[in-house]
Each structure stands twice: as C-alpha cells, then as structure tokens.
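The structure under discussion appears below in the form of structure tokens.
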Amino acid sequence: MSFLDAQEWTFPVPIAYGPGRLKEIAEFCNRAGTQNPLIVTDKGSAALPFVSGLQNHLSKAGLRSAVYSGISPNPRDDEIAAGKAQYRAGNHDGVLAIGGGSGMDGAKAIALVANNDIDLWAFEYRQPAPDMADHPEFPPLITIPTTAGTGAETESTAMITDTDRMMKWCIWHADLKPAFAILDPEITVGLPANLTAWTGVDAMVHAIEAYCVPDFNPFCDGMALEGLRLVAKWLPVAVREPANIEARGGMLVGSCLAGIAFQKGLGLVHAISHMVGAEYDTQHGLTNAVLLPAVLRFNAPSIEGKIVPMAQAAGLSDTSFEFFHNWVCGILDEVDIPRTLTDIGVATDCAPRIAAKAMEDSAAETNPRASTQEDVQAIIIDALTHGR
Ligand SMILES: [Fe+2]
C-alpha cells in the first residue's frame, strides 16, 4: 500500500494530560455519564493511594463507587466473570479502569461483558465481532494508567488468559472506546524502579514493533517515532529520579503515543511474550525486554529501512543496525533488565511448546519478517540461553 491507495485511519479518544488531573475524576464521570462506577484495578494496586484517592474524589462530589481488585498480573477469564458479577450486583453504570496494563485490560474485559450475556471469547480479535444491535450499550469506560508503558488507555483491546487452554487471547470490540483517558504523571511517581523500568521498556517495544510492522500507516509511524524519542530520552531519568515529574510526564505521553501506534500491529516480541506470560506468569514488560534483542536480530534483514528513522528518533550518532541493537542492549543494562528468559524463571525446555502457541498469536502475523515455527523456536532458545 502507498499514497496511491485508499486508506482509513481512526484515532482514539479524548486524552486529559497533566499533573494532578486525577482530582477532576468526578467531572469526567459526569461527562461520561456514570454516577456509580465500578473501579477495576489489579491485586497489586488495590492498597495503593491512588485507589483510595479516586474513591475520595468521587465521594466528595456525591458519586457512589466500589472497587473490584481481583485482577492478577496476567488477567484470567474467571477474574473477569467475578468482576462482571460484582458490577451487576452493585448496579454500576460505568467502569473506571485504573492500574497498569493488567488492571486496565481486566477492566476493559469486564466492560465488554458487563451489560450483555455474550461469551467473553466471542470478542476474540480475529473472529467476526458480535453484532451489538440486539444488546445493551457498553458501559462508559474511563482509563487511568498508573504505569508508563502499556499504552492500554486509548483502546478497548485486552489480553486475557483462557484458563481452559492456558493461552492468552486478544479481545475487543470496535464500539467499546474509553470516554476519556486521564494521564496524570503524579500517579506514577510512587512506582518502584523495577516496575518503572519494565513498563517503560514495554513502551519502547511498542514503538519499535509498531514502527516495524510493514503496513502503510504514516500516522501510526509518526506516533511510534515520537514515542520512541520520548522513551529514549526519559526512561533512564525516570528510573534514576523517580520524583522527576517531567520525566514521568515524558514517559506517560511516550507510552500513550506508542500505545496508539500499535493499532498498526506488533511483532514476535509480543507474540512470544504473551504465551510465556500465560504459562509462567512473568511480568509482561520484563518478558518483552528480555526477548527484544533476540527478536531484533532475527528481524534485522527485514527492517533495514526502519533502522535509520528509529536511530534518529533515539538521538543516536550512528544509524547502523549494530549500533541501534547495542543501544537497545545498553538501555536494558542501564535499567537492570535480566539477560535471559532463564533468569526470569522460564523453563529451558519450553521452546517448542511456546513457539507453537506464539504462532497463533495475532502479533505474529504483523512481524516484519515471515517466520516458521522453527524460527520462533530458535528465537526462544536464543532468548533463554544468550539473551543479549
Ligand atoms: Fe506490551
């Protein structure tokens, strides 16, 4: 495809950025049309100050709310069912998704099924989408990221583990879009250094994988490169100086841009990482970070034309593949990412099984270099043993 072909590009949702914007949550709820939202977050965030802060801001404005925090790091279908039950029992009329990627993915999945009796897996990305004409509308959804990395705040897509098959699937519906995404860098200040690093590298991977998808989409490409520029500039600063609001803001916006860019697709880092996460419950960004160098080496022959713009975005003086790859490895070293999949607890004999599953992941379809199951197996062995 090129400028000679017809194209359709869509862009997501209203975004409210700024330190302290969480205080305005009641106003955003009113504008979105929810008076009794269910706050959905992950187990790890339930006791953190932003959840109680959110409830205080709501109750001061006379809005009711309740919290469902049963979402694990790799959200599962049974957790979504429990959240849906609480939504209905509490007569809620909206969903506030607050957390990292898992909290927001869980919230989005609950919003998909809260008002209807459609099976969760009917929303699987590659199937024809359920016709919502005969069902109630999806509830209003407001997303509030508490990490800078997943970029999950502007889209309705969610990665959920199917507990029957122990595989992760992407679910979504085009009609479910957040009414607002609220980007408040103050919320991310309390994030520990390891999570700042892991989620931040996830954003970097989104920018790189989205930009390398061969589809023609200049809007997403522009966002991917600006996302990469911001992450390259601010990730090491945010890890080193956790209270630096400018760095936290740069990361939050960079992550959001990279998150929008990946509506173009992702690649083998995510395809493999989804399946590793489903089996070993490894943190998503950390798994991606460990896989990135091995996937870059595999993709090298197919991304020659992409390296110069990415190297320029990252501010590198040399635009060769080797220099870019070394820069990526240097950032991973700087933010203390372990070197191999073995180092993060993945079994050394998993490669054939994970490779077979990864081939079924939608992100594998948009990888810039075509791959066989044997290729993917070789990448996993590389990441298990050599890493970077
Ligand atoms: Fe990701």
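Tell me yes or no: at least one residue of the range 256-279 is open to solvent by 10 Å² or more (accessible area, probe 1.4 Å) and over 18 Å from the mean Cα position of the chain (by Cα).
yes
If you go through the range 220-255 one residue at a time, how many are of a type in the set (Val, Ile, Thr) and over 17 Å from the mean Cα position of the chain (by Cα)?
Start the filter on the range 220-255 by keeping residues that are of a type in the set (Val, Ile, Thr), which leaves 231, 237, 239, 245, 253.
From what's left, over 17 Å from the mean Cα position of the chain (by Cα): 237, 239, 245.
Number of matching residues: 3.
Could you look through the range 134-153, keep only residues that are in a loop (DSSP other than H, G, I, E, B), closer than 25 Å to Glu209 by Cα and of a type outside the set (Gly, Ala, Ser), and pick out the one that is farthest from the ligand (Cβ to nearest atom)?
Looking only at the range 134-153, we keep the residues that are in a loop (DSSP other than H, G, I, E, B), and these are 135-140, 146-153.
If we keep only those that are closer than 25 Å to Glu209 by Cα too, we end up with 146-153.
Applying the additional criterion that residues be of a type outside the set (Gly, Ala, Ser) yields 146-147, 150, 153.
On the way: Thr146: 16, Thr147: 11, Thr150: 6, Glu153: 13 Å.
Here the answer is Thr146.
Is the range 343-350 home to any residue that is closer than 30 Å to Met167 by Cβ and without any contact (Cβ under 8 Å) to a residue 12 or more places away in the chain? So that I can check it myself, show each step before the final result.
First pass over the range 343-350, keeping only residues closer than 30 Å to Met167 by Cβ: 343-350.
From the residues that got through so far, the ones that are without any contact (Cβ under 8 Å) to a residue 12 or more places away in the chain too are 349.
Yes.
Could you identify the single residue in Met251, Met223 that is in contact (Cβ under 8 Å) with a residue 12 or more places away in the chain, under 20 Å from Gly100 (Cα atoms) and crowded, with 24+ Cβ neighbours inside 10 Å?
Checking each option against the conditions leaves just Met251.
Of all residues in the range 154-171, how many are within 16 Å of the ligand (Cβ to nearest atom) and either at pLDDT 95 or above or not in a loop (DSSP other than H, G, I, E, B) (or both)? Working first, answer last.
First pass over the range 154-171, keeping only residues within 16 Å of the ligand (Cβ to nearest atom): 154-161, 168-171.
Next, from what is left, pick out any that are either at pLDDT 95 or above or not in a loop (DSSP other than H, G, I, E, B) (or both): 158-161, 168-171.
Number of matching residues: 8.
Every residue, every condition in (1) modelled with pLDDT of 95 or more; (2) under 23 Å from Trp169 (Cβ atoms); (3) among the aromatic types (Phe, Trp, Tyr); (4) not in a strand (DSSP E or B), yes or no:
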residue: Leu22; (1), (2), (3), (4): yes, no, no, yes
residue: Gln35; (1), (2), (3), (4): yes, no, no, yes
residue: Asp78; (1), (2), (3), (4): yes, yes, no, yes
residue: Leu96; (1), (2), (3), (4): yes, no, no, no
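From the list Val346, Val295, Val328, which residue is farther than 15 Å from Glu209 by Cα and either among the small types (Gly, Ala, Ser) or open to solvent by less than 50 Å² (accessible area, probe 1.4 Å) (or both)?
Numbers: Val295 fails: farther than 15 Å from Glu209 by Cα; Val328 fails: farther than 15 Å from Glu209 by Cα.
None of the others qualify; the one that does is Val346.
Name, by its number, the condition in (1) in contact with a Phe, Trp or Tyr (Cβ under 7 Å, 6 or more places away or on another chain); (2) of a type outside the set (D, E, K, R); (3) part of a helix (DSSP H, G or I) that does not hold for Val40.
Only one criterion in (1) in contact with a Phe, Trp or Tyr (Cβ under 7 Å, 6 or more places away or on another chain); (2) of a type outside the set (D, E, K, R); (3) part of a helix (DSSP H, G or I) is unmet by Val40, namely (3).
Looking only at the range 273-292, filter to residues that are more than 12 Å from the ligand (Cβ to nearest atom) and assigned to a helix (DSSP H, G or I); which one of those is farthest from Asn74 (Cα to Cα)? Working first, answer last.
Of the range 273-292, the ones more than 12 Å from the ligand (Cβ to nearest atom) are 275-276, 278-282, 290.
Then drop every residue that is not assigned to a helix (DSSP H, G or I), which leaves 275-276, 278-280, 290.
Details: Met275: 10, Val276: 10, Ala278: 7, Glu279: 10, Tyr280: 10, Val290: 17 Å.
Top of the filtered list is Val290.
From Ala207, Ala174, which residue is within 14 Å of the ligand (Cβ to nearest atom) and either in contact with a Leu (Cβ under 7 Å, 6 or more places away or on another chain) or over 27 Å from Ala46 (Cα atoms) (or both)? Explain how you work it out, then say what you get.
Working: Ala174 fails: within 14 Å of the ligand (Cβ to nearest atom).
Answer to the check: Ala207.
Please enumerate the residues belonging to the range 261-274 that are farther than 13 Å from His206 by Cβ and modelled with pLDDT of 95 or more. Talk me through it step by step, then tell me what you get.
Residues of the range 261-274 farther than 13 Å from His206 by Cβ: 268, 271-272, 274.
Scanning the range 261-274 gives Leu268, Ala271, Ile272.
If Gly387 passes every condition in (1) assigned to a helix (DSSP H, G or I); (2) on the phi > 0 side of the Ramachandran plot but one, which one does it miss?
Exception for Gly387: condition (1).
If we keep just the residues of the range 37-61 that are open to solvent by less than 10 Å² (accessible area, probe 1.4 Å) and without any contact (Cβ under 8 Å) to a residue 60 or more places away in the chain, which is farthest from Gln283 (Cα to Cα)?
Across the range 37-61, the extreme among qualifying residues is Leu58.
Could you tell me whether His284 is open to solvent by 10 Å² or more (accessible area, probe 1.4 Å) and touching a residue at least 60 places away in the same chain (Cβ under 8 Å)? Break it down stepwise before answering.
Numbers: open to solvent by 10 Å² or more (accessible area, probe 1.4 Å): yes; touching a residue at least 60 places away in the same chain (Cβ under 8 Å): yes.
Answer is yes for this residue.
For the condition in contact with a Cys (Cβ under 9 Å, 6 or more places away or on another chain) and open to solvent by less than 20 Å² (accessible area, probe 1.4 Å), what is the one hit in Gly151, Gly100? Talk me through it step by step, then tell me what you get.
Values: Gly100 fails: in contact with a Cys (Cβ under 9 Å, 6 or more places away or on another chain).
Of the residues listed, the single one that is in contact with a Cys (Cβ under 9 Å, 6 or more places away or on another chain) and open to solvent by less than 20 Å² (accessible area, probe 1.4 Å) is Gly151.
May I ask you to verify whether Asn116 is without any contact (Cβ under 8 Å) to a residue 24 or more places away in the chain and open to solvent by less than 10 Å² (accessible area, probe 1.4 Å)? Let's see the steps before the verdict.
On the way: without any contact (Cβ under 8 Å) to a residue 24 or more places away in the chain: yes; open to solvent by less than 10 Å² (accessible area, probe 1.4 Å): yes.
Against the criterion (without any contact (Cβ under 8 Å) to a residue 24 or more places away in the chain and open to solvent by less than 10 Å² (accessible area, probe 1.4 Å)), Asn116 qualifies.
The conditions are (1) among the aliphatic types (A, V, I, L, M); (2) closer than 28 Å to Lys357 by Cα; (3) modelled with pLDDT under 95, and Leu191 fails exactly one of them. Which is it?
Of the numbered conditions (1) among the aliphatic types (A, V, I, L, M); (2) closer than 28 Å to Lys357 by Cα; (3) modelled with pLDDT under 95, the odd one out for Leu191 is (2).
The values are calculated or read from the model by the stated rules, or taken from the named source; none is laboratory data. Keep in mind that what you see is a predicted model, and the values were worked out from it rather than measured. Because the Cβ atoms are built from the backbone with ideal geometry, glycine has one as well, and the counts that use them run over all protein chains shown. SASA here: full protein model, heavy atoms, side chains in, ligands and nucleic acids out. Shrake-Rupley method; radii C 1.70, N 1.55, O 1.52, S 1.80 Å.
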